[in-house]
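The values are calculated or read from the model by the stated rules, or taken from the named source; none is laboratory data. Everything quoted here is computed from the prediction, not taken from an experiment. Glycine also receives a Cβ, built like all others from the backbone with ideal geometry; neighbour counts cover every protein chain displayed.
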C-alpha cells in the first residue's frame, strides 16, 4: 500500500523538474530554476553537408542566486559555429500566479549573425502549459558588438506534448534574419556580383526529452538547417544533457 504513494511522489517530482524553467535545444526557457539551483549542461552538435560533416561539443554552467534571477556562462552554437557566451534572465511572471511564464534577459556571445562578429541579444520569452501541451515562444533582437552596427531579429518556438510524467516529444525551431548592416561596396562595372546566399538562418526539427531523474534531463533533436549566407540545406543533430544540484 505504501508503494503507490511513493511512485506518485517520484512522478510529481519528475514533472516539477520538467517545468518551463528548462531550455529546449533551440528555445530559451520562459522561467528560471528555483533559488540556489546550479545547472550544468553539455551538448554535442553534428551537421552534415553534401561533401563533408562536422561535430562540436558545448557546455554551460548556470546559477540562480536570488529568486527569479538566473545567470549562466558557456558556449553557444549556431550554423556550425560556436563560441563563448554569457546570459542573464529575470522571470517577470509565472503561470501559477499570472497564467503565463514570462522572462526577459540579455545574452552576450562571440558568434553572431556573422561568425566573425560578437553580438548582444535582448530576449523576451513566454510560455504556458495547457495540460499535457507545452508552448514556448521567444523574440530576440541582436546588435553586433564588433563595430559593424549590424542588427538582426530572431524568432524561436517550441511545441511539445507530455507523453507521460518523464517523457516529452515536440518540435523546436529557430529563425534568424538580418535587419540592418553596412552596405557592401558594389563590384566594378562589368564584374558579376559574388553570390551571397540566403539572408536568414533556419534550424528546425523534432525533439524528444527524458527526465531520467528529478535532476537529470536528456534531450535530442534531429532536423534540418539552412545556414545564413549559403544556399545549403543540411542535416543537424543535437544531443543534450543537464543536471541540477
Quick check: is even one residue across the range 84-103 more than 16 Å from residue 58 (Cβ to Cβ), surrounded by 16 or more Cβ atoms within 10 Å (Cβ to Cβ), in contact with a helix residue (DSSP H, G or I) (Cβ under 8 Å, 6 or more places away or on another chain) and modelled with pLDDT of 90 or more?
yes
Which of the following residues is under 16 Å from the mean Cα position of the chain (by Cα), modelled with pLDDT of 95 or more and either more than 16 Å from residue 24 (Cα to Cα) or loosely packed, with under 14 Cβ neighbours inside 10 Å (or both): 122, 158?
122
Residue in the range 187-205 that is modelled with pLDDT of 95 or more, within 20 Å of the chain's Cα centre (by Cα) and exposed (fewer than 15 other Cβ atoms within 10 Å of the Cβ) present:
no
Cβ-Cβ under 7 Å, sequence separation 6+ or interchain: first residue in the range 152-169 and farther than 29 Å from residue 142 by Cβ, partner not in a strand (DSSP E or B). Which pairs?
161/132; 162/132; 165/11; 165/14; 165/15; 166/14; 169/163
